[in-house]
Every structure is written in C-alpha cells, then in structure tokens.
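Peer 1: Could you have a look at this structure, given as structure tokens, before my questions?
Read the figures in this text as sums done on the coordinates, not as results from a lab. Note that the structure is predicted; figures quoted are calculated from it, not measured. Glycine also receives a Cβ, built like all others from the backbone with ideal geometry; neighbour counts cover every protein chain displayed.
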Amino acid sequence: MINLAILASGSGSNAEAIMKYFEKSEKVHVVAVLANKPDALVLERAKKYGVETMVFNKKQFMGGEVSGFLESKNVDIIALAGFLWLIPELLIEKFPILNIHPALLPKYGGKGLYGIHVHRAVKEAGDLISGMTIHEVNKNYDEGRILFQESCDLDPSDRPEDIASKVLKLEHKNYPRVIEDYAFKNIKK
C-alpha cells in the first residue's frame, strides 16, 4: 500500500477529487490532509472521507514538525493541491512531491501565478489555448520536471472564470490518475 498525503491551502476541490479516486483503492491510501489555514474548506472535505488532518504554521512547516508528522504516517508521496507556500528542502529531500498548476508550464508559472491570477494572465495575453500541468516539486516554484499536461481550447469571449472552470475539469480528471501512475513507477513498496 502506498501512503499519500495532500497539502492544501484552500477549498480543496482537487484534494477531494484525489480522496474520492482513492477511497476504495487497495493500492493507494490517503493518510492525511495538511493545511496551513485553520479555516481551509479542504479540512471539512477530508473529514467527509475520514482522512486525518493537520493544521500547521510556517514555523512548524520549516522547522520539521510537518516532516515528522508525515514520517509518523509512513507517507510515501505528497500531492500539493492548491498549496501556495514554497516547499522547504527538508521535505523535498525526504519525499517525492507532485504539484498541479493551472496553466501549461513553463508559461504562467512562478511566484504569484496561481488560481485566478493565472487565468487573468492567460486572458490578458489573448491565448486561445490553456490547460494544466502536473510536475515534480523542486526548490523553485513551478520548475520541476513536467510529468503530464493537457490543454483545452479557449473562446475569445471566455472570462478568467470561464478559463478556470475549463482548466479545473482537466485537473480533476487527470491529477489522481497521474499520482497513481507516478507512485507505481517511482515508489518501491
């Protein structure tokens, strides 16, 4: 059994898609959802699936308390799902970590480009294609090795919110499957 932890900051729709996908899996088990905001909706979503949660602050994240918690849960892989803090090397060295980004990297990546900010940038550039990227996490925002991308066509009349909706459908469809594929190819259990 591969143990998966999810780090999130907000509503957690991708986290819920992951928990739902693996809910009855005999191969991958979501052992914890961790959030850096005590009022993050993702914590309620985790409870719905019976997944243990942890809320942490910056000091706990950087100082090793989060790493210790993950080790105590025998975590094999971490998935970021709308988690906005830069990941410390302490975690990068101990765990394989995947992230989902709501654009076709390397375009529209980096610090400050997340959520609706990405979709506004796509709209302002006049792009007629957008999409999502799943990548490994390294010490820089959105620069890890790309594992998977899928695009969607945009209409010139699409608002940033319309782009977000199209991209989110791709994220929910692909992220759990890519996590599963990655885990079985890269984690020896």
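Peer 1: If R₀ is 41 angstrom, what is the calculated FRET efficiency for the pair residue 143 and residue 49, using the beta carbon separation as r and rounding to 0.05?
Peer 2: Numbers: r = 31 Å, r/R0 = 0.77.
The computed FRET efficiency comes out at 0.85.
Peer 1: Step through the residues of the stretch 162-167 one at a time and calculate ³J(HN,Hα) from phi using the Karplus curve (6.51 cos²θ - 1.76 cosθ + 1.60, θ = phi - 60°), rounding each to whole Hz and writing x for Gly and Pro.
Peer 2: 5, 4, 4, 5, 5, 5
Peer 1: Can you tell me the relative contact order of the chain? Whole percent, Cα pairs under 8 Å, sequence separation 6 or more.
Peer 2: Details: 352 pairs, mean separation 38.7, N = 189.
With pairs under 8 Å counted, the relative contact order is 20 percent.
Peer 1: Do the sum for the chain: with -39,500 (n - 2.57) for every DSSP H run of n ≥ 4, divided by all residues, what is the mean residue ellipticity at 222 nm, to the nearest 500 deg cm²/dmol?
Peer 2: Here the helix-only value at 222 nm equals -12000 deg cm²/dmol.
Peer 1: List the residues, sorted by chain then number, that are 5 or more residues from residue 30 or on another chain and whose placed amide H is less than 5 Å from its amide H.
Peer 2: Amide H to amide H, under 5 Å and 5 or more residues apart or across chains, residue 30 pairs with 4.
Peer 1: Can you give me the Cα centroid spacing of the stretch 48-121 and the stretch 154-189 in angstrom?
Peer 2: 16 Å
Peer 1: Let me ask something additional. Show log10 I(q)/I(0) for the chain at q = 0.08, 0.15, 0.18, 0.19 Å⁻¹, two decimals, from a solvent-free Debye sum over equal Cα scatterers.
Peer 2: Reported log10 I(q)/I(0), two decimals: -0.24, -0.85, -1.22, -1.34.
Peer 1: Per residue of the stretch 154-161, what does 6.51 cos²θ - 1.76 cosθ + 1.60 with θ = phi - 60° give for ³J(HN,Hα)? Whole Hz please, x for Gly and Pro, Karplus curve as stated.
Peer 2: Result, ordered by residue: 10, 9, x, 7, 4, 8, x, 5 Hz.
Peer 1: Can you work out the FRET efficiency for the pair residue 151 and residue 187, with r the C-beta to C-beta distance and R0 = 22 Å, to the nearest 0.05? Intermediate values should be presented prior to the final figure.
Peer 2: On the way: r = 28 Å, r/R0 = 1.29.
Computed FRET efficiency for residue 151 and residue 187: 0.20.
Peer 1: Summing Lys, Arg as +1 and Asp, Glu as -1, what charge do residues with Cβ under 14 Å from the Cβ of residue 107 carry, residue 107 excluded?
Peer 2: Details: positive: 120, 123; negative: 124, 127, 142, 143.
Local net charge: -2.
Peer 1: So what are the ³J(HN,Hα) numbers for the stretch 80-88, from phi and the Karplus equation (6.51, -1.76, 1.60; θ = phi - 60°), rounded to whole Hz, Gly and Pro as x?
Peer 2: These are the phi-based 3J(HN,Hα) values: 8, 9, x, 8, 9, 7, 5, 7, x Hz.
Peer 1: Given H placed 1.01 Å from N in the peptide plane, which residues other than close sequence neighbours of residue 37 have an amide H under 5 Å from its amide H?
Peer 2: It is 56, by chain and number.
Peer 1: Under a 5 Å amide H to amide H cut-off, with H placed in plane at 1.01 Å, what residues pair with residue 150 once short-range neighbours are removed?
Peer 2: Amide H neighbours of residue 150, under 5 Å, 5+ apart: 132.
Peer 1: Note down the nm distance, to one decimal, between modelled labels 7 Å out along Cα→Cβ at residue 124 and at residue 111.
Peer 2: Result: 1.8 nm between the two label points.
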